[in-house]
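Working notes, structure below.
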Amino acid sequence: MWWGGFGRGRYDTDQQNDLDLTKKALRIAKWDKLMVAIFNVLAAVIPFTAQFFGSPIIGLTSAIALSLAVTFGFTALYAIQTLSSFISADSSVLLVTLPIKPDKLSLVTLFSFVRSVDYIVVGSIVSQIFLVAFYTGSPIAVLIMLVVSIMNEILAVAVALWFSRVFTKNLFRGGRSRSNTLLRLLFILIWGSLLMGVSLLISLPFYIVPSLESILFNSSQFSTLILCLFHPFSAGITIANIGNPIAAGFTTLFSAISLIIYVGVSGFAGKWILKTVKQISVGTNVKLSRETAKDFSIKTRKPLFGFVIKDLKISSRNPATAFFFALPVLETIIMSFLLANFEVLRASTLLVSTLMGGIFVLLMPLALLNSEGSGLEYIKTLPLGLNQIILSKTLISTLTYLPVPIVLFVMAMLKPLTSPLTLFIPVFILLAVASASVFEIQLFLNTVTKGKISALIHDLKKLVIGITTLLIPLAAYSIIYLMSFSHVLAVLILGVVSTLELGVAIYLLRQNKK
Amino acid sequence: MVPKIGVFQIMSTSLIEVSELTKKFGSVQALSGLTFNVLPGEIYGLLGPNGAGKTTTIKAIIGLVEPTSGTVKVEGFDPIINSIIVKSKIGYVAEKPILYDSLSSRDFLEFIASIRKIDQETVNRVITQLGDAFDMAKYFDVPIATLSTGMKQKVALIASLIHQPPLLLLDEPLSGLDAKTSRIIKDLLLLHVQNGGAVLFSTHIMEVAEHICTRIGIIYKGKIIAEGTLNQLKTKTGNQRQTLEEIFLKLTNEETEIFDKTRLLGEAFFKNETA
């Protein structure tokens, strides 16, 4: 019995294994940072591996500029995830009671601040220096790249810190007024756009580098000078031309001056970061403002709908999960972008697009469950079944997948298909997405009995099960098609397998009722 | 025909029946053969030192803890087997209010009212009255994360009362509350039982238990070691002039322990001064 299970073994997990759990939590945090840092290094390297065509200087300029842009965005995005909780943390309340001088207190806070972004920042800087050394062989270029990389990371962290402050302030303000609601919505949209921009940069350097090169190659002297004004182009142009600065003439001089200004700005940004961290250490970083309620009226809904609304509100106010609301937009744009390059929509294209959209969506149920936090403890006391929790989160994640079949359908109106039947692929996969969400949530709720941390540890396992659920029908389609070369049969099998998976999910839900 | 006691429809004579309840957490024996019942119209105070098993008992009644052996019935229903029925009959406030930090009180109560399927008119009437009584206007639309412990306790109390349950399970309900709110809650609990409801609450505040409890159960090492009205407990200890605190300490054998520990502390802290 799930509800009864929550209390079981509490003393074992909470008291006897406290030290183990703390160690596990630290290990998870380190792994998490390491994985993100590795991903960031890859994102920094990929622009350099894109084919350079035409002038090597222009190619290098594009690669450096894109690498800096990607690491800027990625560092900012990761920092936003971690720093929002850092800003709103009550750690300062505990720290200020200790007999430590205020400057030491700031040092402790600064240290924990640095630790939250250290791997990713160091990874970016080191990889970019090595790449520039490899491509230019110039010590001066390497030195400039070092300064530029550090500057880039300082600016990224400053942007993230500013964004986190705005988010926390926005959250703490509360209020029901239209302007507050609009402000919150606007913030989520900006948040989503930022993610979207970074994701596009990360996913498509092979498209972007040649496009950048082409822009730089064809641009007039005037427009190149304009580009020199903007980071990261100023850095790219300066470093790429370092071997032959005279030939580049004004362009190098202009970009170098611009770069010096940016370094100055990053100095101010660094000082601002230190000041903000100091404020965090004494707990004066976010000033609260409160609106007095005019009435106590509330709006009741059907239980499932009430649960869905609650889930949406919680996850949209959690900095770590709010960006998931940009998923539908992100999916639509990426898919439109990818499909626009194809003249005919082949089954393989549809399979890949569907899989990509599905994998994005499968992160949603786990994010929704994690954003419940200690609230899961509270809902155990309410007269609702396990299925209501599962259905609410499944409904949200399945809805975020909906743009995939819609975009594919719209694309099919504009471009010819190898077989009209292949349009059923994303529709049937909708069933697989729903089943995968049910499996992920059910597993999460089962492991939550062993304590929150152990539930988080097993997130990867749940995601693997979710992705496998998604892959099975797609694999079935591919195998049957390769054996029979019949779209009809392959789509039929895909439909049968997806329906069977949904059947298993419904069976699980029925078992919960018993 | 379901008997109606006051405003509540009670399906059995006892609202809570706990019989020979034991609970083991690994090697820790939290409850060992606990037996008591709570009748309609009663405020039953569960008194005991830290770690005596008060919270585990309350959690077993709401179905959050599955008993190792023994039985728990709420209006005749088993909280594990009939968990949804039992939870719909209970208003529960945990020792530390666990709420959704990012929701405002209004959002949170909207969620609770929706889950409990309460009609809009009723819930708005109840919330307006409780919100006014607890001075919630300033804090109704701000995230729960920004509220003080006392304000969070008020939100948790409102959430436990909005469905007007016959049974209230309150784990240390008055901790962190100001004098005015404490008084309102005490009066509210009295009104609740006058209308046929029942309250089971655990507390460390003897004064509160002394004034509002119909019956008191003293729990020690997972067992009820004494039970009855204040007068019955006084008779048990053989001194009618004793306060509940004195009775409690005597029954739990903590009087001598307190004396010894105070003496040792005095020696440790004030050795130089007393020498």
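Taking B:T57, B:T262, B:T181 as the candidate residues, the one with maximal mean-square fluctuation in a Gaussian network model of chain B, Cα springs under 10 Å, is B:T262. Legend: ranking of residues B:R263, A:R317, B:R215, B:R241 from fewest to most surrounding C-beta atoms inside 10 Å; resulting order B:R241, B:R263, B:R215, A:R317.
Annotation for B:T35 and B:I205: the two label points, set 7 Å from Cα along the Cα-Cβ direction, are 3.3 nm apart. Straightening the chain between A:R346 and A:M413 buys 22.7 nm, computed as 0.36 nm per residue apart minus the Cα-Cα spacing. Computed from phi, the 3J(HN,Hα) profile of the range A:295-302 under the Karplus parametrisation 6.51, -1.76, 1.60 (θ = phi - 60°) reads 8, 10, 5, 10, 10, 8, 9, 5 Hz, with x in place of Gly and Pro. Would you mind getting me the FRET efficiency between B:Q242 and B:R125? Use the beta-carbon distance for r and R0 = 51 Å, nearest 0.05. That gives a FRET efficiency of 0.70.
Estimated from the Cβ-Cβ distance and a Förster radius of 35 angstrom, the FRET efficiency linking B:K117 and A:L399 is about 0.90. If R0 equals 41 Å, the separation of the Cβ atoms of A:Y507 and A:A133 corresponds to a calculated FRET efficiency of about 0.10. Identify all aspartates and glutamates with a Cα-Cα distance to B:K152 below 15 Å; exclude those on the same chain that are fewer than 8 residues away in sequence. Counting by Cα, and skipping residues close in sequence, B:K152 has these aspartates and glutamates nearby: B:E95, B:D101, B:D107, B:D135, B:D141, B:D171, B:E172, B:D178. This ranking places B:D119, B:D107 by how few other beta-carbon atoms lie within 10 Å of each, fewest first, which gives B:D119, B:D107.
Averaging Cα coordinates gives a centre for the range B:203-245 and one for the range B:163-192; these two points are 19 Å apart.
Ordering A:F409, B:F25, A:F428 by the number of other Cβ atoms within 10 Å of each residue's own Cβ, fewest first, gives A:F409, B:F25, A:F428.
A short reminder: the numbers here are calculations on the coordinates, not readings from a lab. In this text the structure is predicted, and so the values were computed from the model without any measurement. Quick reminder, even Gly has a Cβ in these numbers, built from the backbone with ideal geometry, and neighbours come from all protein chains shown.
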